[in-house]
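The values are calculated or read from the model by the stated rules, or taken from the named source; none is laboratory data. From a predicted model like this one, the values you see are computed outputs, not experimental measurements. Virtual Cβ from ideal backbone geometry, glycine too; neighbours counted across all protein chains shown. For accessibility, only protein heavy atoms count, side chains too; no ligands or nucleic acids. Shrake-Rupley method; radii C 1.70, N 1.55, O 1.52, S 1.80 Å.
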Amino acid sequence: MNLMRIDILTLFPAMFFGPLQESLLKRAQQRGLLEIYLHQLRDYAWDRHQMTDDIPYGGGEGMVMKPEPVFRAVKAILGKDEGQVILLTPQGRTFDQQMAQELAPLSRVVFICGHYGGFDERIREGLQPLEMSIGDYVLTGGELAAMVIIDAVARWVPGVLGTQESAELDSHVGGLLEGPAYTRPVTYAGMTAPEVLRSGNHAAIARWRRDQALRRTWQRRPDLLEQATLDDKDRKTLAELGD
Ligand code: ADE
């Protein structure tokens, strides 16, 4: 069984309490598919004031995360074990669906969440972490970014999603957005669910869904089509959209 252990190093462990204890992440932990441990960075700051940040050399705005508590904590958390250390920073590689799928098979991941004006550069030099961003904007800290990444990665840990919730058909898997979905009733407020979805013809349903996914991607995210894997039928559908 693929068990993933996640350790989170943060000054604000309470920020994680809600998101990790609801829904899929809660169920995954209860079933033993995912283990998540929170660590208070301040516990590894051994000076009298338990300082985890300090003023920058050379002057300037903001405080810088001190190296010693981070190194001590990572050493204590991993011991002799191997693990992928991830540093959350707007300077990192932008997280996407492909990275979520790449991280899911790992057995140990340590997230380092920073606050204030960034990390002392020796944290990067010494730990050689994978630096990750969740987008081109600045958050108050890495905590929300870590939660986003953990949520997206957990969906790819085998067994976390039930059979009802297939990850394979989601938007961004296979490089396309998902097309429209319908459920009962057949007609609501004069709007009727497409006949083909109610036909029982599985091949026709699959083709319709594929065409709708192509259409939606073409309308909303044409940039994604350049990377998507397309066959001749897909290209015909797209050519017709362009006419
Ligand atoms: N910390 C602050 N902003 C961030 C971002 N966009 N992604 C990851 N970590 C961050």
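Wholly within the range 10-98, which helices (runs of 4 or more DSSP H) include no fewer than the required count, namely at least 1 residues that are touching a His at 6+ places or on another chain (Cβ under 7 Å), modelled with pLDDT under 95 and not hydroxyl-bearing (Ser, Thr, Tyr)?
none
Are any of the residues in the range 124-143 part of a helix (DSSP H, G or I), within 10 Å of the ligand (Cβ to nearest atom) and touching a strand residue (DSSP E or B) at 6+ places or on another chain (Cβ under 9 Å)?
yes
In the list Val148, Val157, which residue meets the criterion of being surrounded by 15 or more Cβ atoms within 10 Å (Cβ to Cβ) and part of a helix (DSSP H, G or I)?
Val148
Please go through the range 1-32 and give me each residue that is among the small types (Gly, Ala, Ser) and open to solvent by 60 Å² or more (accessible area, probe 1.4 Å), ordered by number.
Ala14, Ser23, listed by residue number.
In the range 179-235, what residues are of a type in the set (Lys, Arg), surrounded by 11 or more Cβ atoms within 10 Å (Cβ to Cβ) and over 24 Å from the mean Cα position of the chain (by Cα)?
Arg198, Arg207, Arg209, Arg210, Arg215, Lys233, Arg235
For the range 5-55, name all the residues that are closer than 16 Å to Pro67 by Cα and among the small types (Gly, Ala, Ser).
The one that is closer than 16 Å to Pro67 by Cα and among the small types (Gly, Ala, Ser): Ala45.
Does the range 201-215 contain any residue that is free of Cβ contacts under 8 Å to residues at least 40 places away in the same chain and touching a Phe, Trp or Tyr at 6+ places or on another chain (Cβ under 9 Å)?
No, every residue in the range 201-215 fails to be free of Cβ contacts under 8 Å to residues at least 40 places away in the same chain and touching a Phe, Trp or Tyr at 6+ places or on another chain (Cβ under 9 Å).
Taking the range 33-66 on its own, how many of its residues are open to solvent by less than 60 Å² (accessible area, probe 1.4 Å) and more than 18 Å from His115 (Cβ to Cβ)?
Summing the residues that are open to solvent by less than 60 Å² (accessible area, probe 1.4 Å) and more than 18 Å from His115 (Cβ to Cβ) in the range 33-66 gives 4.
Looking only at the range 99-123, count how many residues are in a loop (DSSP other than H, G, I, E, B), of a type outside the set (Phe, Trp, Tyr) and surrounded by 14 or more Cβ atoms within 10 Å (Cβ to Cβ).
Residues that pass the stated criteria total 7.
State which residue pairs qualify: first residue over 20 Å from Gly118 (Cβ atoms) and among the small types (Gly, Ala, Ser) and inside the range 134-156, second residue open to solvent by less than 50 Å² (accessible area, probe 1.4 Å) and away from the ligand (no atom under 13 Å from the Cβ) in any location, beta carbons under 7 Å apart, and separation of 6 or more residues or different chains.
Sorted first by the residue in the range 134-156, then by its partner, the pairs are Ala152/Ala100; Ala154/Leu24; Ala154/Leu25; Ala154/Ala28; Ala154/Leu34; Ala154/Val160.
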